[in-house]
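> I'd like to ask some things about the structure below.
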């Protein structure tokens, strides 16, 4: 049977289940990664499993989110992460080494391998031919413990690339075009596999930009072939031995095909406040810009920054705006410094930010009130930048650099000669900012500061859920809406404190109401929980007594996180029944058996509402036990 790349990798790692679309499967994970905003909780969960050493081929702990050390909380988390990595056999990437996705692509990614990361943009690894999937921290903890990762067998969408990008058009425009067509929920349950003659025209960093933002489609992952271009990249990184060829078989079948002629793509921008509100830059010309940021895990590679530097060379940042540069890794920063690109950027008036996520997650470099901000990052959700009233547009480094000079949106194709940047034959390799673990970490003492709180564990589900509807929200509610990031990120290891901010930007009285109700149910619309993989969007509501979430549809990672923490995820069988529940209504669900559909009794209104779920048999057992951690501890005890 002819197989596509996705099915080849899954087949090689399949532990259980049938490779039939939407069927429950579990696959072995070769590698894991965490970052510090999600990693602290993931390692507390791993520690609770009582396993002396990670059981993966490679696990890496990156510090790249909470690097803005305003007080003791972030440094406390970092030393906790460093010591726990030494104890359990995990590679530790120190603050300043770079953003997890960029660094992992450079130093550890291997074609044909599986990677599970506690960050939704883990699919960046697909640019090098990995099946890389974002998940909640508890799923990553279980993978480090040697457990297979559970998911539904994804459908595979072939994106057939032809032609070649025109000057001033970049990989960012390619994924924005796909988002324009597919929307932020169009990829749920799918892997996007890029194929066709156009693939050979794209470098690995360009491919990684596309797979990174595939997360905004709601996709399980995105993947490119491992070909001559992949080999060239790995050779330049001093890792040619890690290369293997990985391409789809001739006549491989797909569930759906999208044809995309690269030569027809134009400079694009995602408009506020969603990555799929995409317009040509030519339609946005002359909109005044107040801030520009080039960086984040999406567009912070050597070629991205070097091209921006060549555009900025000999010019000055427009007086109406501020330009920030955030290199993706120390490797990128060193090469930009050695080759003069950094000097050109600084000479132009650019501000050098840390090699970290920073502005993308609202950690510094916030825009001014009512600002128009152009960013090369991957999300422009409302308030995510740190400024509630900011209008954030997502653009390519080329569009960003031109706007930084002009002070407004400008179609870059008007600028004349396109600055060509070739991939280096050899990257600067310096792994000194990795701390590799000792062979035996049994004697390592884990350092815990006061910001490391106890891990909350949920009780068993019982046979009935009876509680009031605590909040009712609309469509496309993101995990940023549920658990705001930015200044609250240092609280990730302290659930009792972080839980005080659940839904803060949506309903400032949510926390007080949830505490008063003691037990409650959340009501939502379509695509509930899209965006970041942050498991706290399930963990903190669970801590506040939320027992179930009933909505029209779920985003993949959040659905899994709800199961992991013992919250019943159900969808309306008839979407119009969403209108039959209001905040404060008393609801009752009989969950004696989770086999088949369920009924929600609205005791306040006297109506019965049919709901359904997509739980696998294993999901049902885990839910009944109170979540994955409770279930695993019981199994270990047994």
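> For Cα pairs less than 8 Å apart in space and 6+ apart in sequence, what is the mean separation divided by the residue count of the chain, i.e. the relative contact order in percent?
Relative contact order, the chain: 15 percent.
> In degrees from 0 to 90, rounded to the nearest 10, what is the angle of the helix 397-406 Cα long axis to the longest principal axis of the chain?
Taking the Cα atoms of the chain, the angle to 397-406 is about 70 degrees.
> Can you bin every Cα-Cα distance in the chain into 10 Å intervals starting at zero and give me the percent of pairs per bin, rounded to whole numbers?
3, 17, 28, 28, 17, 6, 1, 0
> Translational D (Stokes-Einstein, µm²/s) of segment 28-177 at 4 °C and 1.567 mPa s when Rh comes from the Kirkwood sum over C-alpha pairs? Could you put the intermediate results ahead of the total?
Numbers: Rh = 16.4 Å.
The estimated diffusion coefficient comes to 79 µm²/s.
> How far, in degrees from 0 to 90, does helix 171-182 lean away from the longest principal axis of the Cα atoms of the chain, to the nearest 10?
40
> Would you report the distance distribution of C-alpha pairs in segment 175-223 as whole percents per 5 angstrom bin, up to the bin with the largest distance?
Using 5 Å bins, I get a P(r) of 6, 23, 32, 24, 12, 3 for segment 175-223.
> So what is the relative contact order of segment 406-556, in percent, for Cα pairs below 8 Å that sit 6 or more residues apart?
Over segment 406-556, the number comes to 25 percent.
> Enter the Cα centre distance for the pair segment 43-110 and segment 322-385, rounded to the nearest angstrom.
Cα centroid of segment 43-110 versus Cα centroid of segment 322-385: 23 Å apart.
> A further question follows. Arrange the following residues from fewest to most other Cβ atoms within 10 Å of their Cβ: 316, 571.
316, 571
> Per residue and in cubic angstrom, what volume does the convex hull of the Cα atoms of segment 1-79 have? Please report the intermediate quantities before stating the final value.
Working: hull volume 11.3 nm³, N = 79.
Per residue, the Cα convex hull of segment 1-79 comes to 143 Å³.
> Same structure again: Taking only Cα atoms, what is the 0 to 90° angle, nearest 10, from helix 628-637's long axis to the longest principal axis of the chain?
It works out to around 70 degrees.
> Could you work out the helix-only [θ] at 222 nm for the chain, with each DSSP H run of four or more residues adding -39,500 (n - 2.57) and the total divided by the number of residues, to the nearest 500 deg cm²/dmol?
-8000 deg cm²/dmol
> Along each of the three principal axes of the Cα atoms of segment 268-412, give the extent in whole Å, ordering the values from largest to smallest.
Ordered largest first, segment 268-412 gives principal extents of 38, 27, 24 Å.
> So if the hydrodynamic radius of segment 234-342 is defined as the Kirkwood radius over C-alpha pairs, what does Stokes-Einstein give as its diffusion coefficient at 20 °C and 1.002 mPa s, in µm² per second? Don't skip to the answer; put the middle values down first.
On the way: Rh = 17.9 Å.
Result for D is 120 µm²/s.
> While we're looking at this one, here's another question. Starting from the Cα gyration tensor of segment 109-232, take the square roots of the eigenvalues, sort them a ≥ b ≥ c, and report rounded, prolate or oblate (rounded when a/c is under 1.5, otherwise prolate if a/b is larger than b/c, else oblate).
prolate
> Sticking with this one: In whole Å, what are the extents of segment 441-524 along the principal axes defined by its C-alpha atoms, from largest to smallest?
So the extents along the principal axes, rounded to whole Å, are 49, 36, 24.
> Apply the a/c threshold of 1.5 to the C-alpha gyration tensor of segment 359-432 and tell me whether it is rounded, prolate or oblate.
Working: a/c = 3.09, a/b = 1.29, b/c = 2.39.
Oblate.
> Turning to a different aspect of this structure: Per the Kirkwood formula on distinct C-alpha pairs, the Rh of segment 464-637 is how many angstrom?
16.1
> Give me the percent of Cα-Cα pairs in segment 337-460 that sit more than 24 Å apart, rounded to a whole number.
In whole percent, the long-distance tail amounts to 55.
> Okay, next question. Applying a 10 Å radius around every beta-carbon, put 347-360, 609-622, 129-142 in order of their mean neighbour count, most first.
So the order, starting with the most tightly packed, is 129-142, 347-360, 609-622.
> Calculate the translational D of segment 5-264 in whole µm² s⁻¹ from Stokes-Einstein, where the hydrodynamic radius comes from the Kirkwood formula applied to all Cα pairs, the temperature is 10 °C and the viscosity 1.306 mPa s.
Working: Rh = 18.6 Å.
This corresponds to a translational diffusion coefficient of 85 µm²/s.
Computed from the coordinates by the stated procedures, all read-outs in this text should not be read as laboratory data. Since this is a predicted model, take the numbers as computed values, not measurements. Here the Cβ is made from the backbone with ideal geometry for all residues, glycine too, and neighbour counts use every protein chain on show.
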